[in-house]
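Worksheet for the structure shown next.
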């Protein structure tokens, strides 16, 4: 008799558990499908009508492995040696109107105001494109490149307020490659390039003004430390001589002109 009651109890318990599992599968919540940090349906379980929190966007192991080592850097506007450009608002200058310290350098053509609208913006160093898009109307179009220094530490450079983006997400770009054009962030400011450098392995766009530097670096110092410019010009970037297909970068590296590559070894 006791065995029969125990069997009935276990059967009822199993039925209740099965019913609970079935009910939990009928909540109507769609499965979140992650297809990359910029293409996720709803990262971090956020509703689809909300923008994902960029602070939770980290590179995959494969993306991290693709990041090139940067041995030289140039300024992202003007000539190779930074001529024809001035810094209208330097890194970490206090801006009381904006309520914080400036997180980058505001680079302008020497004509000022909108005279540099549409001017080319170049990659400061060999890098991997890890973000392209418009996180907010105040930022306008943005490109973020990931680099590694000679010790393997990550450095990101960010190019903001762009009129046009000419780089593709996931591609490798050589130092000096045009990645965009100078814009106004949808008319929020006179035309200029907001240029940032960060010690980071994530994609946190953040704010243009802040009270704490966190992982921000002085972009002018970062470029100057790796500039190595000679009076007669600057040696070409290593990636300039490589054909890279973004969809299969591990199988389609072809060196163009061994005689040019030899110049890098001198």
(message) Kirkwood Rh over alpha-carbon pairs of region 89-142, then Stokes-Einstein at 20 °C and 1.002 mPa s: what D in µm² s⁻¹, rounded to an integer?
(response) 156 µm²/s
(request) Treat the count of other C-beta atoms within 10 Å as a stand-in for reagent exposure and order 77, 94 from fewest to most. (result) 94, 77
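By count of other Cβ within 10 Å, fewest leading, how are 58, 91, 195 ordered?
Numbers: 58 13, 91 22, 195 25.
The fewest-first ordering by Cβ neighbours comes to 58, 91, 195.
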(message) So, R0 is 25 Å and r is the distance between the beta-carbons of residue 225 and residue 89; what FRET efficiency does that work out to, to 0.05?
(response) 0.70
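If neighbour count is taken as other Cβ atoms inside 10 Å, put 205, 142, 8, 179 in order from fewest to most.
The most exposed by this proxy come first: 8, 205, 142, 179.
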(message) At R0 = 51 Å, how high is the FRET efficiency between residue 149 and residue 12 if r is their beta carbon distance? Nearest 0.05 is fine.
(response) 0.20
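Kirkwood hydrodynamic radius, computed over distinct alpha-carbon pairs, for region 116-159: how many Å, to one decimal? Walk me through the numbers before you get to the answer.
Details: mean 1/r = 0.0855 Å⁻¹.
Evaluated on region 116-159, it is 11.7 Å.
We did not get these values from a lab; they are worked out from the coordinates using the rules stated. Owing to the predicted nature of the structure, the values given are computational and were not obtained by experimental measurement. Neighbour counts run over all protein chains shown; Cβ positions are idealised from the backbone, glycine included.
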